[in-house]
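Since the structure comes first, as structure tokens, the remarks are kept for the end.
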Amino acid sequence: MRSFIGDKPFYKRLFAISLPIVLQQLLTSSLQLIDNLMVGDLGELAIGSVSVVNQLYFVIILITFGALGGAGIFTAQYFGSKEEEKLKQTFRFKLITAFLLVVLSLVVFTIFGRYLIGFFTENEVTISGGLDYLNIVKWSMLPWAFSIAISTTFREIGTTKPLLWITVGAIVTNTVLNYLLIFGKFGFPELGIKGAAYGTLASRFVEFFLMYLLLLKRGKIFNTKIKHIFKINAFVFKAIVIMAIPLLLNEFFWSMGQTMFLQSFSTRGDSALAAMNITNAISQLVFVTFGGIGTGIAVMVGNTLGMNQLEKAKDNAKKVIAFAVMFAFVTGAFLFILSYFILDLYDISEATRRIAGSNIRINAIFIPVYSFNVSMYFTLRAGGDTKSTMLMDSGYMWVMQVPIIFVLARVTNLDVIMLFLIVQLLELPKSVFALSRYRKENWVRNLAIENEENAKKLILETNNS
């Protein structure tokens, strides 16, 4: 048992790395909840409109994280091995990839926006409101994508505190503008859902501006000139792509799986759709710990693997996972208690209140399971075992969870609460599969050394031929 518990310096470093990210995401989630309450004052159909668009946006967010994640694995390890030029190349890869994904997303949302929203609901009011919101908020993807390329790189090298203050600036901007533009306060026009979209758009540009200033001041180790943007070693590029493809596919299929869940839940009516939006907004208050887990593992496992301290990396992983699960019991208890009174802040029907309250409590009970699975995912990913992450995450989801809920939603009269519970129960077998992949230790690898050795071997073979 003692092997799962770290010493004081271990937890001091873990908190120094992870706590700013947790606080950053907690602030974001708290103000997103406030935004959710503001939109809620416009009615349940308005909540549904924003919920559907946010789900579409969520797909793009996860695909972007997946595409950049392959470079991020090498960022952590190249930082650990002190290979600064290759560290810069991983950042260049992120910038190029982020731009291409933004262009593709804008084309898809512009051409197929109405069809995508209509996939979730046939209510014309909800569709119309969703389109109004989407046609504005889609332009926020460009500054957001570049901000993510910068912020994830800072996280992977262990610089997290400044990101907290940047988030404060962005979310304060978002909240203030939402209040002014949704309700038309202090002489501003009353724009309703469109006001929420403009607030989001402005906050993304503020976030990018602050992130760019941080890059200039603290990011010299990985920053790059525009003229060098395509200067990426062929071996580094190939290694990143090989690592990124499974991550990108995983995030794509996982986000699409989440979309299928929401679509299945929406078959139970507009109350169910609004309730799921509220469930997610409130649950995020404790799900923020997952971002801290991911960053802690990226640094304490990824950087250590890059230093070729493989046994220490294994030991760090075990201790971070144990801490994450134990702490999840605390956050789960907090969420469970919160569920009994926080819904009083919403002006919603009794049906929506019943669904949201029950589903929040289900999330609270299952948080230790989620935390364990998240820890497994990021540990496997830190060592480049992206095939296992894809199998345990989106692969499992599409083989088990999605088909079961899709069928149950259409051939049974099960309440949406029961459908939601079944999805969460199916997380338990996933934990067993994840643990088996973790114990194989295919993730215990120094990718920086492996990539260098492969490059030398190829050059030697070329010269000999």
Open item on the list: Based on alpha-carbon centroids, what's the gap between region 166-213 and region 273-289 in Å, whole number please?
Closed with: 21 Å
Open item on the list: Just to be sure I understand, if you calculate Kirkwood radius over Cα pairs in Å for this structure, which of (1) 23.5; (2) 24.3; (3) 22.9 do you get?
Closed with: (3)
Task: Distance from region 41-102 to region 412-436 (C-alpha centre basis), Å - done: 27 Å
- [ ] Calculate, for residue 124 and residue 229, the FRET efficiency according to 1/(1 + (r/R0)^6) with r their C-beta to C-beta distance and R0 45 Å; round to the nearest 0.05.
- [x] 0.50
Task: Sorted by Cβ neighbour density within 10 Å, fewest at the top, the residues 307, 211, 326 - done: 326, 307, 211
TODO: Find how much the distance from residue 411 to residue 329 grows on full extension, using 0.36 nm per residue of separation minus their present alpha carbon separation; answer in nm with one decimal.
DONE: 26.0 nm
- [ ] Take 380, 142, 305, 213 and order them by how many other Cβ atoms sit within 10 Å, fewest up front.
- [x] 213, 142, 380, 305
Open item on the list: Rounded, prolate or oblate, given the Cα gyration tensor of region 346-426, with a/c below 1.5 counting as rounded?
Closed with: oblate
Task: Within the chain: Cβ-based charge dipole about Cα centre, in debye rounded to nearest 20 (Lys, Arg +1; Asp, Glu -1) - done: 1660 debye
Task: Residue pairs, from the table 82/225; 8/217; 217/319, whose Cα atoms sit over 28 Å apart - done: 8/217; 217/319
Task: R0 of 51 Å, Cβ-Cβ distance residue 12-residue 245: FRET efficiency to nearest 0.05 - done: 0.85
Task: 240, 60 arranged by Cβ crowding within 10 Å, fewest neighbours leading - done: 60, 240
Open item on the list: What does the C-alpha gyration tensor say about the overall shape of region 107-161? Classify as rounded when a/c is under 1.5, otherwise prolate if a/b is larger than b/c, or oblate.
Closed with: prolate
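No lab work stands behind these numbers, since they all come straight from the coordinates. Bear in mind that the values here come from a model prediction, so they are computed numbers and not experimental data. Here the Cβ is made from the backbone with ideal geometry for all residues, glycine too, and neighbour counts use every protein chain on show.
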